[in-house]
Amino acid sequence: MDGEVTSRNFIQQEIDNDLKEGKYKAVVTRFPPEPNGYLHIGHAKSILLNYGLAKEYGGTFNFRFDDTNPTKEKTEFVESIISDIKWLGADFGNKVYFASDYFDDMYEAAKKLIQKGKAYVCDLTADEIRQYRGTLTEPGKNSPYRDRTVEENLQLFEDMKNGKFEDGAKVLRAKIDMASPNMNMRDPVIYRIARMSHHRTGDKWCIYPMYDFAHPIEDAIEGVTHSICTLEFEDHRPLYDWVVRELEYECPPRQIEFAKLYLKNVVTGKRYIKQLVEDGIVDGWDDPRLVSIAALRRRGFTPESIKMFMELSGVAKSQGESDYAMLEYCIREDLKMKANRMMAVLDPVKLVIDNYPEDKVEYFDIDNNQEKPEAGSRKVEFGRELYIEREDFMEVPPKKYFRLFPGNEVRLKGAYFVKCVDFEKDEAGNVTVVHCTYDPETRSGSGFEGRKVKGTIHWVSAKSAVDAEVRLYENIVDEEKGKLNSDGTLNYNPNSLTILSNCKLESAFRDAHAGDAFQFLRHGYFCVDVKDTTDEKLVFNRIVSLKSSYKPNAQ
């Protein structure tokens, strides 16, 4: 539209300038996770940002595993990451890249640096290298092995590759500047000896490149133009630029950093999640109380809600925190027009309509979603015996309680008016049955205009009810006490999971499939758990409650 001004974040502005100046002809971005764990909500921002930029500029998005560290990498993580990225909708075509595909190129690149006098084999131990590095206020000092000849370094490096030295006996270091104010430039290690079997290359290599050396080479080989990464890599950018410059790539990529996505009071650290899994507090990396992408998906969040959350969070240079309530707002906004609104009784008590014929069954048409007429309606069975929520009856009600109590009348949603006439209790004093009478003149949709009632409650036919387990979640962190205890351990909320095992749902739920999402009237949004649901047992996770304190314009 003419005259329309579109706000551009700082990364878009940088890319605009690069294209205008002819620095690059097309845009190529990438997402390069290390397969050492499950991706979390912060990774989702990076995925969607990199993919979104490539799509916006008509460019290419590369998905690459940065598998240069075999000690922590597993095929399980590779498969989970691929699944997450596909679920988020980031289209990487049929090609998955692996850093390990370039191990031969990296080895040759290291030899090139040696030949240029820009790298050397060092015999210092890891502790000695740290001592020689200096401090933030004092320069480092040169390794005694820094002036080895090119020929000697080439031979030693080949011997390292051929397994002639023990692990840790030697490393290859870049020869840059031990007095640099940037610690990353003080002759960083770029190759180490490590006899580890790699999940793709097996035992072919006993030397492996360090991330800071490997990453810019991977980007350059793939023709990546803009290496978009998070702020912790800002101090590493001079080394990134040094590598691509010294290796003389024709069209070197450039690194641009943005602020990570931080959510308040959530657990993303692999160490903490691993402990939760090992202690049996959560049932895996996809436990719905976590914010791994797999966990959010299992909880019932949608790709669209994650994208909306990222758009509201924005792209910034300075670090900040986002509120989990904003993520909940996004899923409510996405599901309110998608999810059918259905009746589920989570804490059931029997309601008997004494004057309703015992063998009579009626069916009422109830809208699937009142805000979406095209969603149509469904027929819901009604009979003499129903289930209602225990909280919808009180023997002695407080003021302004408009649900059932002796002598009071309410509407059963979509059905009739009923009046409470009696109730039964067990030996412990718990109400077991509520007795009512109904007025057949008050049938929903009949145009009845007589007396009014202030309360409407939902219900489920006892005869056709579907049994289900429902899981209610709270933050796994005790928000009042903070995320961590004084000793650094996780401050776990013991009430983070409540399991309701005797829930009664309307008969339409018999057709529910794993992953399907619904609004349970008055309770919130729920989805069928994809992990624990079986043909014999329906399990639902509460995605989010109905009420929200978050206001999008308050950010």
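The values are calculated or read from the model by the stated rules, or taken from the named source; none is laboratory data. Keep in mind that what you see is a predicted model, and the values were worked out from it rather than measured. Don't worry about glycine lacking a Cβ; one is built from the backbone with ideal geometry, like all the others, and counts go over all protein chains shown.
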If I filter segment 89-106 for residues that are at positive phi and either touching a residue at least 12 places away in the same chain (Cβ under 8 Å) or in contact with a helix residue (DSSP H, G or I) (Cβ under 7 Å, 6 or more places away or on another chain) (or both), do I get at least one hit?
yes
Those residues of segment 330-362 that are within 41 Å of the chain's Cα centre (by Cα), surrounded by fewer than 19 Cβ atoms within 10 Å (Cβ to Cβ) and either closer than 23 Å to LYS419 by Cα or of a type in the set (Phe, Trp, Tyr) (or both) come to a total of 2
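When you go through SER446, SER461, SER496 one by one, which is the residue that is buried (at least 17 other Cβ atoms within 10 Å of the Cβ), out of contact with any Leu (no Cβ under 7 Å at 6 or more places or on another chain) and of a type outside the set (A, V, I, L, M)?
None of the other options fit; the residue is SER496.
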Those residues of segment 423-453 which are without any contact (Cβ under 8 Å) to a residue 60 or more places away in the chain and either at positive phi or aromatic (Phe, Trp, Tyr) (or both) amount to PHE423, GLY429, GLY447, PHE448
Of those in segment 212-244 that are hydroxyl-bearing (Ser, Thr, Tyr) and surrounded by 18 or more Cβ atoms within 10 Å (Cβ to Cβ), the residue nearest to GLU21 (Cα to Cα) is THR225
Every listed condition ((1) closer than 21 Å to PRO303 by Cβ; (2) buried (at least 19 other Cβ atoms within 10 Å of the Cβ)) holds for GLY42 save (2)
Of the residues in segment 450-480, those that are within 34 Å of the chain's Cα centre (by Cα) and among the charged types (D, E, K, R) come to ASP467, GLU469, ARG471, GLU474, ASP478, GLU479, GLU480
Of (1) in contact (Cβ under 8 Å) with a residue 12 or more places away in the chain; (2) more than 30 Å from ASP334 (Cβ to Cβ); (3) surrounded by fewer than 18 Cβ atoms within 10 Å (Cβ to Cβ), GLN370 fails just (2)
Among helices (runs of 4 or more DSSP H) entirely within segment 102-166, at least 1 residues that are within 40 Å of the chain's Cα centre (by Cα) and under 23 Å from ALA220 (Cβ atoms) occur in 103-115, 150-161
| query | Any residue in segment 526-546 that is loosely packed, with under 13 Cβ neighbours inside 10 Å and basic (Lys, Arg)? | reply | yes
Only one of ASP84, ASP67, ASP105 is more than 26 Å from LYS260 (Cα to Cα), surrounded by 14 or more Cβ atoms within 10 Å (Cβ to Cβ) and outside the structural domain of MET308 (by TED's automatic domain parsing), namely ASP105
How many residues of segment 234-251 are at pLDDT 95 or above and farther than 17 Å from GLU108 by Cα? The answer is 8
Scanning segment 267-304 for residues that are in contact with a Leu (Cβ under 8 Å, 6 or more places away or on another chain) and among the β-branched types (Val, Ile, Thr), the one surrounded by the fewest Cβ atoms within 10 Å (Cβ to Cβ) turns out to be THR302
LEU113: passes all of (1) without any contact (Cβ under 8 Å) to a residue 60 or more places away in the chain; (2) more than 19 Å from LYS204 (Cα to Cα); (3) among the hydrophobic types (A, V, I, L, M, F, W, C) but (1)
Taking segment 184-240 and the residues there that are among the small types (Gly, Ala, Ser) and part of a helix (DSSP H, G or I), the one that is farthest from the chain's Cα centre (by Cα) would be ALA220
Check your understanding: Restricting attention to segment 500-519, does a residue exist that is touching a residue at least 40 places away in the same chain (Cβ under 8 Å), touching a Cys at 6+ places or on another chain (Cβ under 9 Å) and buried (at least 16 other Cβ atoms within 10 Å of the Cβ)?
Key -> yes
Qualifying residue in segment 356-379 (condition: at positive phi and in contact with a strand residue (DSSP E or B) (Cβ under 7 Å, 6 or more places away or on another chain))
no
Scanning segment 145-165 for residues that are out of contact with any Phe, Trp or Tyr (no Cβ under 6 Å at 6 or more places or on another chain) and polar (S, T, N, Q), the one surrounded by the most Cβ atoms within 10 Å (Cβ to Cβ) turns out to be GLN155
So, VAL78, is that one assigned by TED's automatic domain parsing to the domain that holds THR29, under 17 Å from ARG30 (Cβ atoms) and surrounded by fewer than 18 Cβ atoms within 10 Å (Cβ to Cβ) or not? no
Condition set surrounded by 13 or more Cβ atoms within 10 Å (Cβ to Cβ) and in contact with a helix residue (DSSP H, G or I) (Cβ under 9 Å, 6 or more places away or on another chain), scope segment 124-144, selection nearest to PRO32 (Cα to Cα): answer is ARG133
(1) assigned by TED's automatic domain parsing to the domain that holds SER377; (2) modelled with pLDDT of 95 or more all hold for ALA517 apart from (1)
Filter segment 394-424 for residues that are over 44 Å from the mean Cα position of the chain (by Cα) and over 22 Å from TYR356 (Cα atoms); the one that is surrounded by the most Cβ atoms within 10 Å (Cβ to Cβ) is GLU395
